[in-house]
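Here's the structure, in structure tokens; my notes come after.
The values are calculated or read from the model by the stated rules, or taken from the named source; none is laboratory data. Since the structure is predicted, the reported quantities are computational estimates derived from the model, not experimental observations. In this analysis, Cβ positions are derived from the backbone assuming ideal geometry, glycine residues included, and neighbour counts consider all displayed protein chains. All accessible areas refer to the heavy atoms of the entire protein, side chains included, with ligands and DNA or RNA removed. Shrake-Rupley method; radii C 1.70, N 1.55, O 1.52, S 1.80 Å.
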2 protein chains.
Amino acid sequence: MLVHNNTIPQTTHRVIVMTDVHGRQGPETRTRILDAAEALFAENGLDATSMRMITGRAGVNLAAVNYHFGGKDGLIQEVFRRRLTELNRRRLVALEALQRAADGAPLRPSSIVKAFFGTALEMAADMDGGGARFLQLMGRTYTGPNEFVRNFLAEEYAECVDRFLTELYRALPDVPREEILWRFHFMMGATSYAIGGADALQLFTGEFDDRDPARLEPRLMSFLLGGLRGALPDGGGQATQARRSAA
Amino acid sequence: MLVHNNTIPQTTHRVIVMTDVHGRQGPETRTRILDAAEALFAENGLDATSMRMITGRAGVNLAAVNYHFGGKDGLIQEVFRRRLTELNRRRLVALEALQRAADGAPLRPSSIVKAFFGTALEMAADMDGGGARFLQLMGRTYTGPNEFVRNFLAEEYAECVDRFLTELYRALPDVPREEILWRFHFMMGATSYAIGGADALQLFTGEFDDRDPARLEPRLMSFLLGGLRGALPDGGGQATQARRSAA
DNA sequence: GCTCAAATCAAACGATCGTTTGAATCATAC
DNA sequence: GTATGATTCAAACGATCGTTTGATTTGAGC
């Protein structure tokens with residue numbers, strides 16, 4: 001029997017736990033497809049990656065994708081959901097740890113930025129290279145043309161971003177919220193390029209090769225914090241720094 | 001006779017000036033194709049845009065693309081080359097104006113940043129909306145998976161970026177060049193999101209709508225300059241600001 | 001008016017795309 | 001062992017892709 005009915009396409013599938021029911025290599029199939037798809041999507045893009053490339057690398061039958069995910073779109077959604085849920089979970093864990101330590105007081109902007117963007121860099125270093133691949137893919141897709149995936153990503157992001165923005169508003173009460181929102185957006189762009197664009201960077205300078213992930217984190221953080229606390233455009237005079245009120 | 005020989009695929013085509021030779025609507029065809037392709041590429045991405053969509057919108061025959069550009073790849077190259085050459089030309093004009101005014105002295109970092117990234121924002125506002133479309137497309141493609149186009153973009157960018165980096169090195173002699181290089185990369189990411197990701201931003205906040213291009217420029221510049229002059233990671237202590245030596 | 005090369009056109013090419021089908025295989029429950 | 005439902009499989013589906021072909025139209029040069 002098919003897992004998916006074509007009348008109600010949904011994200012969550014009826015088949016959740018397969019190891020408990022049918023042993024053998026049933027559970028591997030889904031994971032193998034997801035891993036292969038993630039790597040190929042990051043390598044070639046969503047459109048340029050065919051089902052046959054995915055099933056070929058995964059070593060499964062072509063029809064397996066439609067059986068397990070209902071189609072290519074379903075597979076794409078699941079590839080993103082799998083990692084993004086975990087990433088945002090870690091982010092919120094880090095944020096809540098900060099909130100507990102602060103005991104009601106506004107958080108330091110640097111701590112908030114580190115909890116959000118630093119966690120992404122951690123994930124990029126984790127997962128034996130798979131994390132960097134995925135985050136590179138996500139950075140591309142977020143501003144990409146595929147409206148279907150973009151809306152899905154925004155939906156998955158919404159709650160987590162909202163929580164962090166709320167804390168940033170509290171941490172920088174003197175900075176207009178619109179300004180903070182924009183700068184958060186700029187920080188996402190810088191981070192996206194930091195994770196995914198090391199290849200692009202080296203194109204400018206032939207002999208450049210310092211892509212140590214351990215050194216990337218402080219580099220990006222310095223830039224992000226400098227940008228976040230940069231002089232406000234004109235609302236408070238050109239020399240006004242965007243500083244939080246509480247120490 | 002065909003314009004392109006399949007033995008030597010080249011960027012520059014034999015047909016350069018068509019208005020002078022054949023009047024009617026010969027010259028329009030190339031431009032109409034480029035305009036339609038640019039809009040559709042930005043809308044759907046390179047892969048998801050078919051030749052039939054392009055020729056359909058342009059109102060020309062399907063084979064016209066292969067005739068004038070030698071194929072889809074040739075068309076893509078020309079779409080980027082047309083605008084990118086003009087953008088980098090304006091950037092270098094702005095830089096040379098600064099150099100003349102400085103009379104040998106190091107330039108102000110803010111001036112350099114403005115000449116490079118501000119010119120992009122100007123172009124995004126120009127060209128009756130076409131500029132924003134193109135720059136959005138370019139921001140996506142630069143970190144995109146298509147290696148063919150990425151290499152081409154890097155090649156077109158190389159000289160201009162090199163000139164600006166040289167000036168930045170002079171303006172910030174106390175900052176390690178690697179650091180400046182990375183921050184330049186981060187600035188490109190922030191700018192890319194600033195230009196192309198306004199839609200993505202509003203997904204976070206339903207009622208957000210302040211996308212006035214005139215207000216975007218000072219916003220982005222404040223962020224970029226703050227990031228560029230942010231505290232150095234650790235080479236000079238955490239409190240060390242990355243300031244230029246000459247006033 | 002005739003020539004000829006540039007340009008446009010309708011039509012078709014082979015390849016590959018995502019998806020569907022129906023039978024075969026597997027592991028479990030009775 | 002047999003029935004049952006989940007999973008895998010080979011094969012084919014129609015659609016669309018980028019490209020090519022060969023004839024036709026166009027307009028300047030003589």
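A simple count of charges around residue B:50, restricted to other residues whose Cβ falls under 12 Å of its Cβ and scoring Lys, Arg +1 and Asp, Glu -1, yields +1. The lysines within cross-link reach of residue A:72, meaning a Cα-to-Cα straight distance under 29 Å and a gap of 8 or more places when in the same chain, are B:72.
The largest accessible area among A:68, A:185 belongs to the first residue in A:68, A:185, and the rest follow in falling order (1.4 Å probe, all chains). Ascending distances from the residue A:50 label point to its copies in the other chains, with the point 7 Å along the Cα-to-beta-carbon line: 1.5 nm. For residue B:77, neighbours were defined as the other residues whose beta-carbon sits under 14 Å from its Cβ, and their charges (Lys and Arg +1, Asp and Glu -1) total 0. Excluding ligands, DNA and RNA and using a 1.4 Å probe, chains B and A jointly bury around 5100 Å² of accessible surface, summed across both partners. Working note: Cα atoms of the range A:80-228, range along each principal axis, descending, whole Å: 48, 34, 29.
In order along the range B:46-56, phi translates into HN-Hα couplings of 5, 5, 7, 9, 8, 4, 5, 5, 5, 5, x Hz, rounded to whole numbers, per the Karplus curve 6.51 cos²θ - 1.76 cosθ + 1.60 with θ = phi - 60° and x for Gly and Pro. Each Lys or Arg adds one and each Asp or Glu takes one away; over the other residues whose Cβ falls under 10 Å from the Cβ of residue B:59, this sums to +1.
Burial of accessible area (probe 1.4 Å, heavy atoms of protein chains only) in the range B:172-198, relative to its chain alone, reaches at least 50 Å² for B:178, B:181, B:182, B:185, B:186, B:193.
Among the trypsin sites (Lys or Arg not before Pro) within the range A:39-146, not one is in coil by DSSP while having at most 13 neighbouring Cβ atoms inside 10 Å.
With contacts taken as Cα pairs under 8 Å at a separation of at least 6 residues, the range A:102-190 carries a relative contact order of 33 percent.
Take residue B:73, move 7 Å from Cα toward the beta carbon, and the resulting point lies 3.2 nm from the same point in each other copy, nearest first. Using the 1.4 Å probe convention, the accessible area of the range A:80-228 works out to 39 Å² per residue with neighbouring protein chains retained. Note on residue A:188: accessible area is roughly 20 Å² with a 1.4 Å probe, heavy atoms of protein only.
Sorted shortest first, the distances from the residue A:122 label point to those of the same residue in the other copies are 4.4 nm; each point sits 7 Å from Cα along Cα-to-Cβ.
Short-range pairs are left out: with C-alpha atoms under 8 Å and at least six residues apart, the relative contact order of the range A:80-228 is 30 percent. Which part of the range B:60-78 falls in the paramagnetic zone of residue B:28, meaning amide N under 20 Å from the point 7 Å along Cα-to-beta-carbon? Of the residues in the range B:60-78, B:60-69 have backbone N under 20 Å from the label point off residue B:28. Estimated from the Cβ-Cβ distance and a Förster radius of 25 angstrom, the FRET efficiency linking residue A:53 and residue A:151 is about 0.50.
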